Amino acid sequence: MEFRKFEAGPEDDGRRADRVIRRLLPDERLSSVYGALRKGFIRINDKRIKPETHVASGDVLSVADFLLAQKDVAPAESSGKNVLPYEIIFKNEHFLVINKPYDISVQQAGAGRLSLAETVAAYYRSAGKSGAASLSFTPGPLHRLDRKTTGILFFSWSLEGAQWFSRQMAAHGLEKKYLALVQGILSSAEEWEDFIEKEDDSRPSFHTVRIVQSGGKCAHTEAEPVSSGTYNGRPVTLVKFTISTGRMHQIRAQAAFRGFPLLGDTAYGGAAIHEKQDFFLHAYEVRIPGNTLGLPRALEAPLPVFFNNMLNKTLINPENSSII
């Protein structure tokens, strides 16, 4: 019988074995877990254990392959290799940062489609000694990007990392920078501060948030033009957006309210386009305060191929911009 091995991390220390194992086998009934323990299909340090056995950091859990065969959902795991099918920008014991692709949901996906959260969780479970800090900890996205937005996306890789990131978000300690292609000519830098609220579900509306005079959540955005061009005779501007708040559809709603909807973003008044992406919004940089968790002061994500192609179509040469 073949076994796969997983090393317990500091956050597993002192936890009951059955609770740690349920993280590895989330779909199994507890009675099935107990049965597997009794039969020796799950062991710690190559020894049979009882459900109430406490796990220590550094213990090696061995799980029979057949128990895990239907549990791994990351697309690349079928090859037996510990591979994540997305570009990894940064990874250590506390964080995983990827360059999010276009048209993939972060947390909720349609029928038959995996979300990024599910795929990353499977990758974490498969990491074993090669990177998982805890078996009882489940990684998750630390902020959100819309399904059709690309770029830097942080996932927690430890409880300590998740708590630190949450504090930074609450204190607006992270500076996030985006590039977007908008309609019209933004001729100079502008600073926008608005109140945003979700649309009332009972009110028929195509978009999902709106700018209000008061009562919503404050959204602060700095908009700086990078270069201008045309798309099918329509003037467009490549804009660098810097945000300290992270409201839902913040850039899309504020840019549209100021008369610069994202090109192709029909939900907020943009003209329809027929390209590989419906619109072009990319989280290209996050600036990070000093920390003891190994994060650099800044992380950057290269533009997707289709975004670069679109810049060439609009006569905006990406090579002439120092920020891309």
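The values are calculated or read from the model by the stated rules, or taken from the named source; none is laboratory data. What you see is a predicted model; the values in this text were computed from it and never measured. Neighbour counts are summed over all protein chains in view; Cβ atoms, including those assigned to glycine, are modelled from backbone coordinates with ideal geometry. Side chains included, ligands, DNA and RNA excluded: accessible areas come from the protein's heavy atoms. Shrake-Rupley method; radii C 1.70, N 1.55, O 1.52, S 1.80 Å.
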### Message
Per 0.36 nm of contour for each residue apart, how much would the distance between His54 and Phe195 grow if the chain were fully extended, relative to their Cα-Cα spacing?
### Response
45.8 nm
### Task
Please figure out what share of the DSSP beta bridges in the chain is antiparallel and state it in percent, rounded to the nearest 5.
95 percent
### Extent along principal axes [Cα atoms of the chain; Å; largest to smallest]
70, 44, 39
### Message
I'd like the Karplus ³J(HN,Hα) series for segment 223-229: coefficients 6.51, -1.76, 1.60, θ = phi - 60°, whole numbers in Hz, and an x wherever there's a Gly or Pro.
### Response
10, 10, x, 9, 6, 10, x
### Query
Carbon and sulfur together cover what percent of the accessible area of the chain at a 1.4 Å probe radius?
47 percent
### Message
Can you give me the long-range amide H partners of Leu142? Hydrogens built in the peptide plane at 1.01 Å from N, cutoff under 5 Å, separation of 5 or more residues or another chain.
### Response
Phe154, Phe155, Ser156
### Task
Using Cα centres only, tell me the gap between segment 17-62 and segment 220-255 in whole Å.
51 Å
### Task
Arrange the peptides 175-184, 283-292, 17-26 so that the one whose residues have, on average, the most other Cβ atoms within 10 Å appears first.
175-184, 17-26, 283-292
### Message
Per-residue counts of other Cβ atoms within 10 Å, averaged by peptide: what ranking do you get for 271-278, 253-260, 224-231, highest first?
### Response
253-260, 224-231, 271-278
